[in-house]
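Read-outs throughout are calculated quantities, based only on the coordinates presented, and are distinct from any laboratory measurement. Quick caveat, the model's predicted, so the values are computed rather than measured. Glycine also receives a Cβ, built like all others from the backbone with ideal geometry; neighbour counts cover every protein chain displayed.
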Amino acid sequence: MGRRKKNPELVEELIEGRWTMDQDEFEEKYFSLSSSDMGKVSEAINGMEDEWMDDDMPEGCAACGNPAFPDCTSSCPMFDD
């Protein structure tokens, strides 16, 4: 297998669509990237996750990683009473 070309447009698409894109679609596109582009996507997503993982966030919310927290609690089954 030859070297993969860099694809900045796909990098941006994956970063922007991480929590809205179907997991299979994300993985298919992610694994088509060059290793340096994979690193860019991973670094950006890890940074976003770190921002969202707040000490005040319930443990289940941290595991979910929903970027809409805390606005997501009204539609989340974890908060059903």
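Given labels modelled 7 Å from the Cα in the Cβ direction, how far is it in nm from Glu9 to Met57? According to this spin-label approximation, the distance is 3.2 nm. 3J(HN,Hα) couplings calculated from phi for region 33-43 with the Karplus curve 6.51 cos²θ - 1.76 cosθ + 1.60 (θ = phi - 60°) are, in sequence order, 7, 5, 4, 5, 5, 4, x, 4, 5, 4, 4 Hz; Gly and Pro show x. Label sites at Met38 and Glu16, each approximated as a point 7 angstrom past Cα along Cα to Cβ, lie 2.4 nm apart. Peptides 26-35, 9-18, ordered by how many other C-beta atoms sit within 10 Å of their residues on average, highest first, read 9-18, 26-35.
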